[in-house]
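J.: One structure is given below, represented as structure tokens, and several questions about it will come after.
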Amino acid sequence: MTMFEAIVLTIATAATPLLIAALGELIVERSGVLNLGVEGMMIMGAVSGFAAAQMTGSAWLGLVAAVLAGAAFSLLFGFLTLTLATNQVATGLALTLLGLGASAMIGESFVGLPGVRMESIYIQGLTDFPYIGKILFGQDPIFYLSILLTIGVAWFLFKTRAGLTLRSVGDNHASAHALGVPVIRIRYLAVLFGGACAGLAGAQLSLVYVPQWVENMSSGRGWIALALVVFASWRPWRILAGAYLFGAVTIGQLHAQALGIGVPSQLMSALPYLATIIVLVLISRNKRLTLINTPTSLGKAFVPDR
Amino acid sequence: MKKMIMGLAVAATLGVTSIAATGIAFAAEKLKVGFIYIGPPGDFGWTYQHDQGRKEMEKVLGDQVETTFLESVPEGADAERSIERLARAGNKLIFTTSFGYMDSTIKVAQKFPNVKFEHATGYKTAENVSVYNSRFYEGRYVQGVIAAKMSKAGVAGYIGSFPIPEVVQGINAFMLGAQSVNPDFKVKVIWANSWFDPGKEADAAKALVDQGVDIITQHTDSTAPMQVASERKIKAFGQASDMIKFGPETQLTSIVDNWGPYYIERAKAVIDGSWKSHNVFEGMKEGLVVMAPYTNMPDDVKKLAEETQAKITSGELKPFTGPLKKQDGSEWLKAGETADDKTILSMNFYVAGVDDKLPN
């Protein structure tokens with residue numbers, strides 16, 4: 001494996017959880033709901049995925065469990081904010097805190113156990129192709145899922161009728177409701193999708209990235225995913241660009257440190273955040289386009305008048 | 001043990017603090033002892049070992065003590081609030097177990113003159129604040145010796161948390177140990193700027209391996225680097241606790257922080273009224289620094305490691321003994337001269353040979 005391949009593979013591993021979680025949140029926010037519980041759902045996915053994989057010995061079952069756990073956890077958020085119309089910001093924060101605490105309790109007996117790794121794929125001939133073989137044909141299944149997910153989300157949002165309906169709910173829930181669109185039901189589905197994605201991102205953490213369970217192992221990745229959605233002005237391909245840029249600068253600065261180039265490490269550690277924000281703000285500087293893409297009902301509770 | 005989640009607090013950094021209390025007070029004389037942890041007790045590293053010390057204290061002192069801990073408390077304003085919370089809750093002895101809690105501990109201690117505080121790895125003491133520190137660097141020296149013997153590439157990777165004296169001591173001691181075997185040995189340093197971020201620690205380990213190191217040592221708290229080393233089939237040293245489970249064919253040894261005896265001694269001192277503020281700096285000799293079994297190495301390396309350990313324990317070998325030069329080439333210690341504890345505890349420079357620029 002060449003250095004080039006090694007670096008690209010490490011970047012992909014670092015970027016994938018951010019990408020998946022951010023895509024899920026994108027759908028949620030496009031429907032007009034702000035769920036700040038990404039970190040909590042992610043860590044619930046991580047612990048459930050690890051536990052299921054550990055008990056069954058199958059990483060795939062772990063993945064399924066993580067997706068279900070993320071979705072189930074998000075349902076709690078959905079019930080509170082959509083059915084009971086609670087404040088979305090406060091409820092989302094509570095979800096994160098609950099997720100971090102609950103995952104630590106659930107995971108207590110799994111700390112220190114060897115994990116089950118989701119193996120990378122291997123295709124005779126193709127994977128061994130020099131330079132790009134491993135990058136294109138030798139990564140873990142969740143990486144490919146994340147790319148498919150990006151394509152799927154972009155297609156769904158902008159090329160399907162259902163996507164248009166979802167966006168209309170996010171832009172103006174009152175008008176959508178007046179047109180007979182089932183606002184609450186659509187938002188429930190969006191929230192569930194967001195939860196499932198966050199759970200999947202969590203599974204990537206505990207089955208691929210670092211195949212083990214430790215408390216708080218998401219270490220703020222849910223928050224980075226949330227920020228990516230906003231800085232990418234709610235556009236799926238920009239989220240992909242942002243996630244990979246973040247991953248690339250993170251890994252790049254580690255390599256730069258190992259080479260001993262002598263830039264203060266604190267600055268280097270801040271670099272991924274700075275670079276990602278600057279680049280995404282620059283590509284989103286067209287005000288009109290940004291306005292079009294911002295879901296105007298974001299964060300507002302909807303109570304249908306009867 | 002009954003673990004009860006009693007409260008959750010939003011931390012400024014969006015970290016989470018949970019309080020777990022064990023036991024219920026029956027007698028009024030029972031000494032309440034509080035602990036502040038930087039990470040979760042399940043990190044299998046730094047915090048795990050402190051928690052082991054706490055459990056050992058509970059086991060030995062039984063009904064005489066009641067312990068409480070706050071986990072994953074960020075350094076800074078949150079620390080101050082958390083320490084104060086423990087003091088208000090009636091804890092008469094409080095251990096704050098991370099370097100970054102130093103100023104917060106001193107501040108809270110001024111408000112609670114009747115509470116005894118014990119701060120780990122710092123250097124500021126007060127009437128009711130003791131400092132206890134461990135000569136981890138003695139273990140790092142032994143690791144350096146092993147690394148230089150085991151590495152084919154002649155380069156080791158070092159994952160650091162923050163450039164504070166405790167970590168810099170470790171890098172220097174590791175380097176000196178390695179140089180005692182191979183004067184041309186190289187160490188590549190990556191700062192994670194975090195004590196605990198498994199993903200980032202794994203990334204740092206991968207970057208180091210990709211750049212050609214074949215031994216990894218870490219001064220961060222998760223087992224992720226050990227796991228990466230296992231995957232990449234190189235060797236590694238554990239951190240703070242025995243991480244052999246995470247790298248049965250990878251771990252060479254690990255520095256195990258053995259806090260239990262100290263915690264028991266200090267709690268007893270408070271109970272019998274003999275507690276006095278002090279500043280202790282103990283190592284292999286006192287049993288605070290213990291080495292995990294030497295594994296995955298040939299017998300001659302193991303023998304050398306054991307001899308080095310024995311020499312350090314007996315005091316015959318002091319890692320920071322001249323002639324030594326600083327990284328910039330200036331003279332630090334003359335031949336035969338040893339560094340005093342003050343210099344060691346405030347070490348903010350590299351010794352000659354470290355291939356990194358120390359961030360300030």
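The values are calculated or read from the model by the stated rules, or taken from the named source; none is laboratory data. Computed from a predicted model, the values in this text were never measured in an experiment. Here the Cβ positions follow ideal geometry from the backbone for every residue, glycine too, while neighbour counts run over all protein chains shown.
J.: Can you confirm whether residue B:59 is free of Cβ contacts under 8 Å to residues at least 12 places away in the same chain and surrounded by fewer than 20 Cβ atoms within 10 Å (Cβ to Cβ)? Quick ask: steps written out before the conclusion?
T.: Working: free of Cβ contacts under 8 Å to residues at least 12 places away in the same chain: yes; surrounded by fewer than 20 Cβ atoms within 10 Å (Cβ to Cβ): yes.
So residue B:59 passes the test.
J.: Residues B:35, B:69, B:112, B:99: which one is farther than 30 Å from residue B:237 by Cβ and either more than 14 Å from every other protein chain (Cβ to nearest Cβ) or hydrophobic (A, V, I, L, M, F, W, C) (or both)? Full working, then the answer.
T.: Values: B:35 fails: farther than 30 Å from residue B:237 by Cβ; B:69 fails: farther than 30 Å from residue B:237 by Cβ; B:99 fails: farther than 30 Å from residue B:237 by Cβ.
After applying the criteria, what remains is B:112.
J.: Are any residues in the stretch B:275-291 surrounded by 18 or more Cβ atoms within 10 Å (Cβ to Cβ) and over 18 Å from the mean Cα position of the chain (by Cα), and if so, which ones?
T.: The one that is surrounded by 18 or more Cβ atoms within 10 Å (Cβ to Cβ) and over 18 Å from the mean Cα position of the chain (by Cα): B:275.
J.: Among the helices (runs of 4 or more DSSP H) contained in the stretch B:126-214, which hold 3 or more residues that are in contact (Cβ under 8 Å) with a residue 24 or more places away in the chain and acidic (Asp, Glu)?
T.: none
J.: Residues being hydroxyl-bearing (Ser, Thr, Tyr) and away from chain B (no Cβ under 13 Å): count how many of those fall in the stretch A:213-270.
T.: Total satisfying the criteria: 2.
J.: Out of (1) within 14 Å of another protein chain (Cβ to nearest Cβ); (2) closer than 27 Å to residue A:69 by Cβ, the odd one out for residue A:134 is which?
T.: Answer for residue A:134: the failing condition is (2).
J.: Here's another thing I want to ask about it. Residues that are in contact with a Pro (Cβ under 6 Å, 6 or more places away or on another chain) and within 14 Å of chain A (Cβ to nearest Cβ): does the stretch B:180-196 have at least one?
T.: Applying the first criterion (in contact with a Pro (Cβ under 6 Å, 6 or more places away or on another chain)) to the stretch B:180-196 yields none.
Taking every residue of the stretch B:180-196 in turn, none turns out to be in contact with a Pro (Cβ under 6 Å, 6 or more places away or on another chain) and within 14 Å of chain A (Cβ to nearest Cβ).
J.: If you don't mind, another one. List the pairs whose first member sits in the stretch B:219-232 and is closer than 20 Å to residue B:164 by Cα, whose second member is aromatic (Phe, Trp, Tyr) and part of a loop (DSSP other than H, G, I, E, B), and whose Cβ atoms are under 8 Å apart, counting only residues at least 6 apart or on separate chains?
T.: What qualifies is B:220/B:195; B:220/B:196; B:221/B:195; B:221/B:196; B:222/B:44; B:222/B:196.
J.: Based on this model, can you work out whether residue A:225 counts as under 27 Å from residue A:3 (Cα atoms), small (Gly, Ala, Ser) and within 20 Å of the chain's Cα centre (by Cα)?
T.: Against the criterion (under 27 Å from residue A:3 (Cα atoms), small (Gly, Ala, Ser) and within 20 Å of the chain's Cα centre (by Cα)), residue A:225 does not qualify.
J.: In addition: Out of (1) modelled with pLDDT of 95 or more; (2) more than 19 Å from the chain's Cα centre (by Cα); (3) among the small types (Gly, Ala, Ser), what's the single condition that is false for residue A:112?
T.: (1)
J.: Just the residues that are within 17 Å of residue B:173 (Cα to Cα) and either in the same structural domain as residue B:95 (by TED's automatic domain parsing) or exposed (fewer than 14 other Cβ atoms within 10 Å of the Cβ) (or both), please, taken from the stretch B:292-325. Can you show your working first?
T.: Just the residues of the stretch B:292-325 that are within 17 Å of residue B:173 (Cα to Cα), to begin with: B:304-313, B:315-325.
B:306, B:307, B:310, B:315, B:316, B:323, listed by residue number.
J.: Here are A:43, A:11, A:20: which of them is aliphatic (A, V, I, L, M), surrounded by fewer than 24 Cβ atoms within 10 Å (Cβ to Cβ) and either modelled with pLDDT under 95 or under 29 Å from residue A:253 (Cβ atoms) (or both)? Break it down stepwise before answering.
T.: Numbers: A:43 fails: surrounded by fewer than 24 Cβ atoms within 10 Å (Cβ to Cβ); A:20 fails: surrounded by fewer than 24 Cβ atoms within 10 Å (Cβ to Cβ).
Going through A:43, A:11, A:20 in turn, just one is aliphatic (A, V, I, L, M), surrounded by fewer than 24 Cβ atoms within 10 Å (Cβ to Cβ) and either modelled with pLDDT under 95 or under 29 Å from residue A:253 (Cβ atoms) (or both): A:11.
J.: Sticking with this one: What are the residues in the stretch A:169-181 that are surrounded by fewer than 20 Cβ atoms within 10 Å (Cβ to Cβ) and within 23 Å of the chain's Cα centre (by Cα), if any?
T.: Selection gives A:171 alone.
J.: Can you find, within the stretch B:262-290, the residue that is nearest to residue B:145 (Cα to Cα) among those that are free of Cβ contacts under 8 Å to residues at least 60 places away in the same chain and touching a Gly at 6+ places or on another chain (Cβ under 9 Å)?
T.: Checking each candidate, the answer is B:290.
J.: Any residue that is among the aromatic types (Phe, Trp, Tyr) and either closer than 21 Å to residue B:238 by Cβ or not in a loop (DSSP other than H, G, I, E, B) (or both) - is there at least one of those in the stretch B:318-325?
T.: No: zero hits.
J.: Out of B:207, B:229, I need the residue that is within 19 Å of residue A:259 (Cβ to Cβ), within 14 Å of chain A (Cβ to nearest Cβ) and surrounded by 21 or more Cβ atoms within 10 Å (Cβ to Cβ). Which one?
T.: Going through B:207, B:229 in turn, just one is within 19 Å of residue A:259 (Cβ to Cβ), within 14 Å of chain A (Cβ to nearest Cβ) and surrounded by 21 or more Cβ atoms within 10 Å (Cβ to Cβ): B:207.
J.: Answer with yes or no whether residue A:70 is closer than 27 Å to residue A:219 by Cα, touching a residue at least 24 places away in the same chain (Cβ under 8 Å) and part of a helix (DSSP H, G or I).
T.: So residue A:70 passes the test.
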